[in-house]
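**Student:** Quick one: this structure, given as structure tokens, is what I'll be asking you about.
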Protein chains: 2
Amino acid sequence: MEVTGSSGGAAAVGPCAAIPAEHMAFIRTVLDRVGDKWSLLVIAVVESGPLRYTDLQRQVPGISQRMLTLTLRQLQEDGLITRTAYAEVPPRVEYALTPLGRGLHEIVTSLIGWAADHHDEIREHRARATAA
Amino acid sequence: MEVTGSSGGAAAVGPCAAIPAEHMAFIRTVLDRVGDKWSLLVIAVVESGPLRYTDLQRQVPGISQRMLTLTLRQLQEDGLITRTAYAEVPPRVEYALTPLGRGLHEIVTSLIGWAADHHDEIREHRARATAA
DNA sequence: CGGTATCCCCTCTGATACTG
DNA sequence: CAGTATCAGAGGGGATACCG
């Protein structure tokens, strides 16, 4: 996704003060991953130790098998979690955070912490906005 | 709710070790907001001072008028940004972070920082996964 | 148990055109 | 300048059924 070319013009102050244009594209790809409906929740939950498929499905309320599978695969492809299958009967598969994933998990944790801390504040704002 | 220190807590049975079920629903609503395609980017960018509509559109590459307007309205309803319209000709409207928004901005910043730091690592993982 | 495969809807998003 | 209105398309995501 090549962003709209800043067609040469002024852009005097730079395209974005905080974010170099060259990084924008990649930031988007990370934000897209982060921004899908389930990734952050899965990362938040998988921290509590190696978890089995079914455990994850139980701990992430509302996720469908399809989305759990897809999300896990994506996270795995990004190197954020590991998948370990044990050749047993019945089958057992465990998912865990990689070191890389743990780094992201910390941020996710602050995000969730922030959400929890400002729960009421946001709710109040939304209510007032809706009322008006 | 302080989530940060929960690492290592082995047992922690229950529905979800880190996240009380009662908070899950609200976390979802915050994650949904965070997870839409543009909110985080707008928050990242609006930090650099009160910005006008057009400035935002220029600094967030690829955003359409429609999505910029929608995103701004949502953020405003959540109390994360302020909208100030000056009754002038030509019209001028400025957007800025609220204190609440600044709190989220810090997290967004770490997220973007993390993304930038592990850019190569993730890219490599993805490449290897695609190749295989 | 731990997935795949399929269908299908519905939302999110972009493009375009118009307005105060 | 700072939006609003409308339309159309793509694909994310849920429900269901089936497989190793």
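The values are calculated or read from the model by the stated rules, or taken from the named source; none is laboratory data. Since the structure is predicted, the reported quantities are computational estimates derived from the model, not experimental observations. Heads up, the Cβs are rebuilt from the backbone with ideal geometry, glycines too, and the neighbour counts pull from every protein chain shown. Accessible surface areas use protein heavy atoms only, side chains included; no ligands, DNA or RNA. Shrake-Rupley method; radii C 1.70, N 1.55, O 1.52, S 1.80 Å.
**Student:** Considering each residue of region B:35-49, count those that are in a helix (DSSP H, G or I), in contact (Cβ under 8 Å) with a residue 24 or more places away in the chain and not hydroxyl-bearing (S, T, Y), and give that number.
**Tutor:** Adding up the residues that qualify gives 5.
Residue by residue, here is whether (1) more than 9 Å from DNA strand D (Cβ to nearest atom); (2) over 11 Å from B:I43 (Cβ atoms); (3) assigned to a strand (DSSP E or B) holds:
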position	(1), (2), (3)
B:I63	yes, yes, no
B:R66	no, yes, no
B:L75	yes, no, no
B:R83	no, yes, yes
B:V108	yes, no, no
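**Student:** Mind listing whichever residues of region A:85-102 are outside any loop (DSSP other than H, G, I, E, B) and either open to solvent by less than 20 Å² (accessible area, probe 1.4 Å) or touching a residue at least 12 places away in the same chain (Cβ under 8 Å) (or both)?
**Tutor:** Hits for region A:85-102 are A:R92, A:V93, A:E94, A:Y95, A:A96, A:L97, A:L100, A:G101, A:R102.
**Student:** Next question, about the same structure. Could you grab me the full set of residues in region A:103-132 that are open to solvent by 80 Å² or more (accessible area, probe 1.4 Å) and more than 9 Å from chain B (Cβ to nearest Cβ)?
**Tutor:** The answer is A:D120, A:A131, A:A132.
**Student:** Among the residues of region B:86-132, what is the count of those that are closer than 23 Å to A:I112 by Cβ and of a type in the set (G, A, S)?
**Tutor:** Selection size over region B:86-132: 6.
**Student:** Please verify whether region A:73-80 includes one or more residues that are at pLDDT 95 or above and hydrophobic (A, V, I, L, M, F, W, C).
**Tutor:** Taking every residue of region A:73-80 in turn, at least one turns out to be at pLDDT 95 or above and hydrophobic (A, V, I, L, M, F, W, C).
**Student:** Please count how many residues of region A:41-80 are open to solvent by less than 10 Å² (accessible area, probe 1.4 Å) and either more than 9 Å from DNA strand C (Cβ to nearest atom) or more than 11 Å from chain B (Cβ to nearest Cβ) (or both).
**Tutor:** Number satisfying all stated conditions: 14.
**Student:** Identify, by number, the condition in (1) touching a helix residue (DSSP H, G or I) at 6+ places or on another chain (Cβ under 9 Å); (2) part of a helix (DSSP H, G or I); (3) open to solvent by less than 60 Å² (accessible area, probe 1.4 Å); (4) more than 16 Å from DNA strand D (Cβ to nearest atom) that A:A25 doesn't meet.
**Tutor:** (1)
**Student:** Still on this structure: Could you list, in sequence order, the residues of region A:51-61 that are in contact (Cβ under 8 Å) with a residue 24 or more places away in the chain and assigned to a helix (DSSP H, G or I)?
**Tutor:** Hits for region A:51-61 are A:Y53, A:L56.
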